[in-house]
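See structure below.
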Amino acid sequence: MSQPGKLLFASLALLALPCPNAHARGFESGQGFHAVQRLGVTLGGNVISEITREDGSIREISAGGLYQIGAGVLYQAESIPFSGALILNYHYNSDYKDNDNASFRRVPLEALVYFNGPGRFRIGGGMRYVYSARANSTLNGVTEKITFRNARGSIVEIGYQVRPYGWVSLRHVKETYQVATYASTGTAPGLAGNTPYDGSHTGFFIGYEY
């Protein structure tokens, strides 16, 4: 299991533990500003690169995967059941085999608004602006580098509070990446990768807000 996968598993186990002060913080008592930390796994989007493993299986590097980590701030309104968050993230997907490697990395800034209720559920949505999206690969001796224009996407999300400071969330993001530059050491015909990449994806997240 990869290091981010181990961290996600450990965090889920921690959230599942009983907490004697579970009543200490709910929507009704969490007004004001809170720091936010998040870790998630996302799936979806067009395939950018493929790595073939020794057993013949193929590992796809997609425009919607795979791990996302973030930190930011959330404000819980005092008299109305709404909250807002601003979170800076690092979203990446990478793999390697021997001399072959491939990756897709970007830096999304997300702005979200939530309606808190009923119970410990909340429903939200918002926008994300993606900076510094880039894909690099070296496959069969051919190196490719793609940079993408900054992209804007939309988010819908549903979350559930499982501890005083813990959340699990399911979300969907819709976004598209337009190629800015392409370079290759091979003899690809024309501008390979010029077609826009669909980066839309669905993700499962765990988070702390304290």
Inset, instruction - Sort region 72-210 into rounded, prolate or oblate with this rule: let a ≥ b ≥ c be the square roots of the eigenvalues of the Cα gyration tensor; rounded if a/c is under 1.5, and if a/c is not under 1.5, prolate when a/b is larger than b/c, oblate otherwise. - result: prolate
Legend entry - Cα centroid separation, region 46-80 to region 158-188 (Å): 5
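Since every read-out is calculated from the coordinates, none of them should be taken as a lab result. Bear in mind the structure is a predicted one, so any value in this text is a computation, not a measurement.
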